[in-house]
Amino acid sequence: FRGQGIKIPFLEELFKRFPHRKFVVEIKQTMPAIEELLIALIRKYHMEEKVIVASEHYDPLARVRTTDPALATNLSAIEARTFYTLFRVKLSAFYKSSGDALQIPDEYKGEKVVTPGLVKAVHKKGLILHIWRVNDPQEMKQLIDYGVDGIITDYPDRLVEVISK
């Protein structure tokens, strides 16, 4: 889309334009730390109840949780693997979560990860469950039937169509 007048908006522009929307803001880097800037922006636009701060890395999430424990965070990759491992051996009830949302793929290394039992276990721990990179409408429908809380997709129009049926 280069040269077509399309640009990526700043997060602040999105908060201004869509103050009633919910956001998952993913921190991709571990250093330099940007969490304090992100938290300040979230507070400035009163988005504390509308943002989940996400990262696959533990350190940025730990800094967010320390700086503002009230902000929602996802589970880092290591935390998610720990929860899933405990779920697989029927010990997920013993998992102590520091985060608020489990965000995982529907499949991992060719193995189906998300099942009705997993959804139930995640919800029993009081966590939100988001499944990422789901692009097939049939798979979207199945996950909705399972009771997942969110689907991350490259094709939101497909998801809207599935939801509207």
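The values are calculated or read from the model by the stated rules, or taken from the named source; none is laboratory data. What you see is a predicted model, and the numbers here were worked out from it, not measured in a lab. Here the Cβ is made from the backbone with ideal geometry for all residues, glycine too, and neighbour counts use every protein chain on show. With ligands, DNA and RNA removed, areas are computed over all heavy atoms of the protein, side chains included. Shrake-Rupley method; radii C 1.70, N 1.55, O 1.52, S 1.80 Å.
Within the range 9-51, take every residue that is under 25 Å from Ala77 (Cβ atoms), open to solvent by 50 Å² or more (accessible area, probe 1.4 Å) and of a type in the set (A, V, I, L, M, F, W, C) and give me the one that is nearest to the chain's Cα centre (by Cα). The selected residue is Val24.
One line per residue, one yes/no per condition, for (1) modelled with pLDDT under 95; (2) open to solvent by less than 10 Å² (accessible area, probe 1.4 Å); (3) within 17 Å of Glu56 (Cα to Cα):
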{"residue": "Leu75", "(1), (2), (3)": "no, yes, yes"}
{"residue": "Leu91", "(1), (2), (3)": "no, no, no"}
{"residue": "Ser97", "(1), (2), (3)": "yes, no, yes"}
{"residue": "Gly110", "(1), (2), (3)": "yes, no, no"}
{"residue": "Val119", "(1), (2), (3)": "no, yes, no"}
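The set of residues in the range 121-143 that are hydrophobic (A, V, I, L, M, F, W, C) and surrounded by fewer than 16 Cβ atoms within 10 Å (Cβ to Cβ) contains only Trp132.
Scanning the range 145-165 for residues that are loosely packed, with under 15 Cβ neighbours inside 10 Å and over 16 Å from the mean Cα position of the chain (by Cα), we see that the one that is farthest from Glu26 (Cα to Cα) is Lys165.
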